[in-house]
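Notes to accompany the following structure.
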């Protein structure tokens, strides 16, 4: 069974540009979450989608947005990039809607560098 | 809101020695607690989780953790360190109403000396 697939794995952008990251969850999984990982702030929750509905949102500015498609694939977008947006963005896939009922599977991440 | 504190951002152990990684949490409702491991340039892998069943939880690769409500702790241990245990370890907390949202500690990087 294929794991969580994130594309692209690495990308470089300049300040002011926008970026879209993609995540394909494990087949049959309906929950997709996104996290930002930086050396300074650690792992921070961005948002969670379940069956195309956003269930939870972290404390990030409106420049960060996401969506989930009917096939459970998810995208996140960051507009007007800032240097501080340089990070590893991790996608998490789960079969269930709650943390006690199923394991969370992490992708390998998309590493964004903003110059 | 929930929070997690991991004591020690770096831990150095000798091969064969006990590994002890400390995690304290804060939660106003009964929490779910997790330990994850991250190897360089990879995502996180679940080591073990506590979801209100047995307080002593056994995980993969010989790791275990004990939930102590009175101490609000969920420390991770492994009796004998192996070189392959060198990685970064994250403690995380969740609550039922938060779905799959995890709140992570700052992480502890483990160095294993031969």
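The values are calculated or read from the model by the stated rules, or taken from the named source; none is laboratory data. Keep in mind it's a predicted model, so treat the numbers as computed, not measured. Every residue, glycine as well, gets a Cβ built from its backbone with ideal geometry; the counts of neighbours run over all protein chains shown.
Here is how the numbers come out for the structure above:
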| quantity | calculated |
| --- | --- |
| Failed condition for residue B:30, given (1) in contact (Cβ under 8 Å) with a residue 24 or more places away in the chain; (2) in a strand (DSSP E or B); (3) within 14 Å of chain A (Cβ to nearest Cβ) | (2) |
| Those residues of segment A:31-54 which are within 10 Å of another protein chain (Cβ to nearest Cβ), in a strand (DSSP E or B) and either surrounded by fewer than 21 Cβ atoms within 10 Å (Cβ to Cβ) or touching a helix residue (DSSP H, G or I) at 6+ places or on another chain (Cβ under 6 Å) (or both), in sequence order | A:37, A:42, A:44 |
| Residues located in segment B:12-27, provided they are over 13 Å from the mean Cα position of the chain (by Cα) and in a strand (DSSP E or B) | B:12, B:13, B:14, B:26 |
| Residues that are under 18 Å from residue A:95 (Cα atoms) and buried (at least 16 other Cβ atoms within 10 Å of the Cβ), drawn from segment A:1-30 | A:4, A:5, A:6, A:23, A:24, A:25, A:26, A:29, A:30 |
| Subset of segment B:23-55 [in contact with a strand residue (DSSP E or B) (Cβ under 7 Å, 6 or more places away or on another chain) and under 16 Å from residue B:85 (Cβ atoms)] | B:35, B:36, B:37, B:38, B:39, B:44, B:45, B:46, B:47, B:48 |
| Meets criteria (at pLDDT 95 or above and crowded, with 21+ Cβ neighbours inside 10 Å) for residue B:90 | yes |
| Top-ranked residue of segment A:33-83 - restricted to ones that are within 26 Å of residue B:6 (Cβ to Cβ) and in contact (Cβ under 8 Å) with a residue 60 or more places away in the chain, ranked as farthest from the chain's Cα centre (by Cα) | A:37 |
| Residue ID - nearest to residue A:112 (Cα to Cα), chosen from residues in segment B:38-48 that are within 8 Å of another protein chain (Cβ to nearest Cβ) and crowded, with 18+ Cβ neighbours inside 10 Å | B:43 |
| Scan of segment B:34-74 for residues that are farther than 25 Å from residue A:108 by Cβ and either touching a residue at least 60 places away in the same chain (Cβ under 8 Å) or in a loop (DSSP other than H, G, I, E, B) (or both), ordered by number | B:51, B:52, B:53, B:54, B:55, B:69, B:70, B:71, B:72 |
| Candidates A:81, A:112, filtered to the one that is surrounded by 13 or more Cβ atoms within 10 Å (Cβ to Cβ), under 19 Å from residue B:38 (Cα atoms) and more than 12 Å from chain B (Cβ to nearest Cβ) | A:112 |
| Of the criteria (1) part of a strand (DSSP E or B); (2) surrounded by fewer than 16 Cβ atoms within 10 Å (Cβ to Cβ), which one residue B:84 fails | (1) |
| Any hit, segment B:77-96, residues being farther than 16 Å from residue B:36 by Cβ and within 14 Å of chain A (Cβ to nearest Cβ) | yes |
| Qualifying residue in segment B:93-108 (condition: within 9 Å of the chain's Cα centre (by Cα), at pLDDT 90 or above and either in a helix (DSSP H, G or I) or at positive phi (or both)) | yes |
| Members of segment A:84-108 that are in contact (Cβ under 8 Å) with a residue 24 or more places away in the chain, within 20 Å of residue A:56 (Cα to Cα) and in a loop (DSSP other than H, G, I, E, B) | A:95, A:96, A:97, A:104, A:107 |
